[in-house]
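Some notes on the structure that comes next.
The values are calculated or read from the model by the stated rules, or taken from the named source; none is laboratory data. The structure presented is a predicted model; accordingly, all values stated were derived computationally and were not measured. Here the Cβ is made from the backbone with ideal geometry for all residues, glycine too, and neighbour counts use every protein chain on show. These area figures cover heavy atoms from the full protein model, side chains too; ligands, DNA and RNA do not enter into them. Shrake-Rupley method; radii C 1.70, N 1.55, O 1.52, S 1.80 Å.
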Amino acid sequence: QVQLVESGGGLVQPGGSLRLSCAASGNFFSRYAMGWYRQAPGKQRDMVAAFTSGGSTNYADSVKGRFTISRDNPKNTLYLQMNSLKPEDTAVYYCWINWRGVDYWGKGTLVTVSS
């Protein structure tokens with residue numbers, strides 16, 4: 001069983017920065033696809049940034065150049081550095097991992113970008 005716990009969300013002004021963290025149980029980070037999704041009110045959940053199982057990264061076009069995904073394998077922690085935040089980045093952000101063919105999700109952390 002995989003457990004994912006996000007933290008780091010909050011209220012930030014446009015142009016500001018936040019760093020999200022996702023702490024995972026187990027020691028499997030570098031071998032599986034994992035990343036961040038987000039869901040705004042009334043919209044579907046979309047991929048924001050992710051590592052493939054091979055270790056390469058993918059980003060949504062809307063966040064390229066502003067967000068950076070990273071991980072600390074010894075700490076079993078995934079990060080999402082978000083810079084130059086915009087109101088349209090407001091959403092619940094979810095940590096995700098595909099472990100042995102099964103998708104696991106955290107409970108999410110709310111990011112609100114507003115002045």
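Tabulated values for the structure
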{"quantity": "Estimated FRET transfer efficiency (ARG45, ASN76; beta-carbon r; R0 25 Å; 0.05)", "calculated": "0.60"}
{"quantity": "Length gained when the stretch THR52-GLU88 is fully extended (0.36 nm per residue, less Cα-Cα span)", "calculated": "10.4 nm"}
{"quantity": "Listed residues THR90, THR109, THR57 arranged by accessible area, highest first, probe 1.4 Å", "calculated": "THR57, THR90, THR109"}
{"quantity": "Full-stretch length increase - SER17, GLN1 - with 0.36 nm per residue and alpha-carbon distance subtracted", "calculated": "2.5 nm"}
{"quantity": "Dipole in debye (nearest 20) - segment 55-101, about Cα centre, beta carbon charges: Lys, Arg +1; Asp, Glu -1", "calculated": "160"}
{"quantity": "Under Karplus coefficients 6.51, -1.76 and 1.60, residue-wise ³J(HN,Hα) of segment 73-84 in Hz, glycine/proline x", "calculated": "4, x, 8, 6, 10, 10, 10, 9, 8, 10, 10, 6"}
{"quantity": "Residue-normalised accessible area of the chain, expressed per residue, 1.4 Å probe, Å²", "calculated": "53"}
{"quantity": "√(5λ) per eigenvalue of the Cα gyration tensor, the chain, largest first, Å", "calculated": "23, 14, 13"}
{"quantity": "Long-range HN-HN contacts of GLY16 with modeled amide H, under 5 Å", "calculated": "LEU85"}
{"quantity": "Reachable lysines, given that their alpha-carbon falls under 18 Å from the alpha-carbon of LYS64 and they are not under 8 places away in the same chain", "calculated": "LYS86"}
